[in-house]
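What follows is one structure encoded as C-alpha cells, with my remarks underneath.
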Amino acid sequence: MKITHAELTHFRSYEACELAPCEGVNVLLGDNGQGKTNVLEALYLCCTGRSHRTRQDRDLIRWGADFASVRLEAERRDGSHEVEVTLPALGRRRIRIAGQEASRSGELLGHVTGVLFSPEDLRTVKDGPAERRRFVDMALSQLRPAYYYALQRYNRALKQRNETLKVIAAQPAFMATLDAWDEQLAAAGAELMAHRRAYIEKLCAVAAETHQGIADGRERLEIRYLPSVTMGDDVQANLEALFGARETDLKRLTTSVGAHRDDVQILVEGRDVRAFGSQGQQRTAALSMRLSELDVMRGELGEWPMLMLDDVMSELDPGRRRQLVSHLQGIQTFITCTDADDLAGAEVGRAWKVENGELREA
C-alpha cells in the first residue's frame, strides 16, 4: 500500500498542508515542537480512526478553527482508495470513503493501513495491561473490521453492566436485568478473545525471529496471551465467569472479569521484561513487536502497510538503528527526526523541512 497524496486542513498546527510522498522513505526534519509528529498523527487517524496522542477530537483542531480535516489518497493491490476524516468543533465527526459519506465509523478501517512506532511505545512494555490491550486492539481493528465492531459492542455492554451494578446496589429488585448484559458481554467478549488469541500466536512466532536479529541472537523474545477467562473464546465460559464474579462485582460496583481484563506478557529469556528487563531490553522488545506487527499485517493483507517512525531514531543506539533501517526495503516509510545523521544511512526518497507548521522541500 502506498499513500500518493495527503492533505491536512486546520489540523493541529497546520492551517493547510499538502504532500505527495514517494514510495520509499519520506523524512520530516525539524526542531521539536514544529509540527512533525502532527503529520504522522493525521496519517494514523486515517488508518485507525484514532489519534495516538489524545482521545479528544477537539485537540486535533487548529486553535480558532471550526473544524479539522485529513484527506488521503492511496494505491493498493485492489486499486485506488480515498478517505477523508472531518472533525467539527461541534457535532459528530464525518467520514467519507471515495467521496461518499460513511454511515458507520468502522467503514474507515482497511482502506489505509499503517504501523506507528513512537517513543510512547515503551509504555506498551512498561505500563499496565491497558496499554498492551490497546496495542492489540489497534492492530486487529485495521485487519478485521468485525473485531472493531465486536469491541464497540463489548464496551457498550460493559458500560451498561457497570451502571446496572450501581442501580442494583440501591434497588436489589433490578438483579434480573444483569442477565441480559451478561449475555451481551459474554458473546462479544468470546469473539474478541478468539481474535486476540490467534493474532498473538502469529505475532509471537514472527517476533521471536525478529528479536533474534535485532539482539544479534543473544536473547529470546516470547509473547503470551493472558486471557481474563480460561477458555475465554467460548461464550459459555464467559457467562460462567461473569456469574461467578457477581458477588464480588456487586461489592465493588464494577465488572472484574472479561476481555477488558486481558493482558499480554512479554518475556525475554523467560523473564517478564516489564519487571526485570533493562531499558535497552525494553526498547528492543518494543521495536521487535512493532516490526512483527508490520510482518503479520503484510501476511494477512498481501501487501505492506505503511510504516511511521516518530522520533525514534534518536532513542535507539546505532546498532538498533541499522537493524531498523534494514527492514525498510519495499515499505513506504515516514520518519520524523531532528537530525539527518540519525537516519543511519537510510535511502531517503523525499524530505521536508518542518518549521512553524509549514513544510518545504529539504
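Brief remarks on what is shown
- Of all the numbered requirements in (1) assigned to a helix (DSSP H, G or I); (2) of a type in the set (G, A, S); (3) under 23 Å from F334 (Cβ atoms), A130 misses one, and that requirement is (3).
- N26 under 19 Å from V348 (Cβ atoms), in contact (Cβ under 8 Å) with a residue 12 or more places away in the chain and touching a Gly at 6+ places or on another chain (Cβ under 8 Å): yes
- Among the residues of region 98-131, the one identified as in contact with a Ser or Thr (Cβ under 7 Å, 6 or more places away or on another chain) and assigned by TED's automatic domain parsing to the domain that holds Y149 is E131.
- Filter pass, Q184 being out of contact with any strand residue (DSSP E or B) (no Cβ under 6 Å at 6 or more places or on another chain), surrounded by 15 or more Cβ atoms within 10 Å (Cβ to Cβ) and either under 18 Å from G277 (Cβ atoms) or not assigned by TED's automatic domain parsing to the domain that holds R161 (or both): no
- Set G114, G99, G128: member being surrounded by fewer than 17 Cβ atoms within 10 Å (Cβ to Cβ) and within 23 Å of T4 (Cα to Cα): G99
- Tally, over region 209-262, of residues that are surrounded by 15 or more Cβ atoms within 10 Å (Cβ to Cβ) and not in a helix (DSSP H, G or I): 18
- Residue within region 300-316 that is in contact (Cβ under 8 Å) with a residue 40 or more places away in the chain, among the hydrophobic types (A, V, I, L, M, F, W, C) and over 24 Å from L109 (Cα atoms) present: yes
- Among residues of region 189-217, those that are within 16 Å of V229 (Cα to Cα) and free of Cβ contacts under 8 Å to residues at least 24 places away in the same chain, counted: 1
- Candidates L122, L165, L151, filtered to the one that is closer than 30 Å to M313 by Cα and surrounded by 15 or more Cβ atoms within 10 Å (Cβ to Cβ): L122
- Test: residue in region 103-118 that is part of a strand (DSSP E or B), farther than 30 Å from G299 by Cα and modelled with pLDDT of 95 or more: no
- Hits in region 303-362 - residues which are touching a strand residue (DSSP E or B) at 6+ places or on another chain (Cβ under 9 Å) and at positive phi: D311, G357
The values are calculated or read from the model by the stated rules, or taken from the named source; none is laboratory data. What you are looking at is a predicted structure, and each value in this text was computed from that prediction instead of being measured. No Cβ is skipped: glycine too gets one built from the backbone with ideal geometry, and neighbour counts run over all protein chains shown.
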